[in-house]
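The values are calculated or read from the model by the stated rules, or taken from the named source; none is laboratory data. Values in this document were obtained by computation on a predicted structure and should not be read as measured data. Cβ placement follows ideal geometry from the backbone for every residue including glycine, while neighbour counts extend to all protein chains displayed. SASA here: full protein model, heavy atoms, side chains in, ligands and nucleic acids out. Shrake-Rupley method; radii C 1.70, N 1.55, O 1.52, S 1.80 Å.
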Amino acid sequence: NGQVLTFVFDNDTIKNNKGKTIVIEYTAKVNASAVINGANYNNVTLSYGNTTNTVNDHVDVYTWDMSILKTDGTNALSGATFELYQGTKATGNGVELSGNNGNYTYVKKGTATQFTGGSSFNIKGLKSGTYVLHEVAAPDGYEVATDITFTIKDGKLSGSVGVDSDSVTMMDNMATVD
C-alpha cells in the first residue's frame, strides 16, 4: 500500500549488462490489512532510461485462511497429529507453521511442522499452490487417514475427497482388532 522499492544500477553494471535481460524478483509478507481468501492487488511501475520510460503491470496475490476438520464420519475427533506439505506428495517440501491450540500460521516452506489439533483447527496465510495434508498419528482407536491433496488457485480451494470451498475434512476409520 504505497510501498516503494528502488533499485539503482551504477554505470559499470549497466555497461557490463548491455543487451542482457535483468530480472528482479522479490518476496513480500502480507500485513494485517490483507484481503483473506480474495485478491490482493499488487501493482508495479517500472521507470527506466534517460527519458524515464514507464511500464505498469500488476498481479493478484492471494492468501488463504482455511479450516481443517477431523471426523469419523459422524463424530468430531481430536488427538490426531498432522503435517502439511507443499506439492503433490507428503515428502520433501514441508510447510513450517507457527501457533498452537488449533490456530496456526504459515511461516515458510521447509521442514514440516507437526501439529496436533482438536476436532477442528485453522491455518492462516497459505499462498496459492498445491498442498498435501498428512496424518502422522490417528486418535486412539482409529486408523491413519489417507492423505488429502488440495489446491489453492485464483482465490479458490479445490480438491477431491474431503475438500469443500473453504475447508478440508479428514475422516478416520475405526481401527480393526485382530
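Which residue pairs have Cβ atoms under 9 Å apart, sit 6 or more places apart or on different chains, and have a first residue in segment 107-129 that is on the phi < 0 side of the Ramachandran plot and in a strand (DSSP E or B) and a second that is of a type in the set (Lys, Arg) and open to solvent by less than 70 Å² (accessible area, probe 1.4 Å)?
Pairs found: Ser120/Lys70; Phe121/Lys70.
Name the single residue that is modelled with the lowest pLDDT among those in segment 54-75 being among the polar types (S, T, N, Q) and in contact with a strand residue (DSSP E or B) (Cβ under 7 Å, 6 or more places away or on another chain).
So, considering only residues that are among the polar types (S, T, N, Q) and in contact with a strand residue (DSSP E or B) (Cβ under 7 Å, 6 or more places away or on another chain), the one modelled with the lowest pLDDT is Thr63.
Given (1) assigned to a loop (DSSP other than H, G, I, E, B); (2) at positive phi; (3) within 15 Å of the chain's Cα centre (by Cα), identify the lone condition not met by Gly73.
(3) is the only condition that Gly73 fails.
Tell me, which residue of segment 120-170 that is within 19 Å of Ala90 (Cβ to Cβ), within 14 Å of the chain's Cα centre (by Cα) and among the hydroxyl-bearing types (Ser, Thr, Tyr) is least open to solvent (accessible area, probe 1.4 Å)?
Within segment 120-170, the match that is least open to solvent (accessible area, probe 1.4 Å) is Tyr131.
For segment 13-37, how many residues meet the condition of being out of contact with any strand residue (DSSP E or B) (no Cβ under 7 Å at 6 or more places or on another chain) and either open to solvent by less than 100 Å² (accessible area, probe 1.4 Å) or at pLDDT below 80 (or both)?
15
Could you tell me which residue of segment 82-96 is nearest to His134 (Cα to Cα), considering only residues that are modelled with pLDDT under 90 and hydroxyl-bearing (Ser, Thr, Tyr)?
The residue in question is Thr91.
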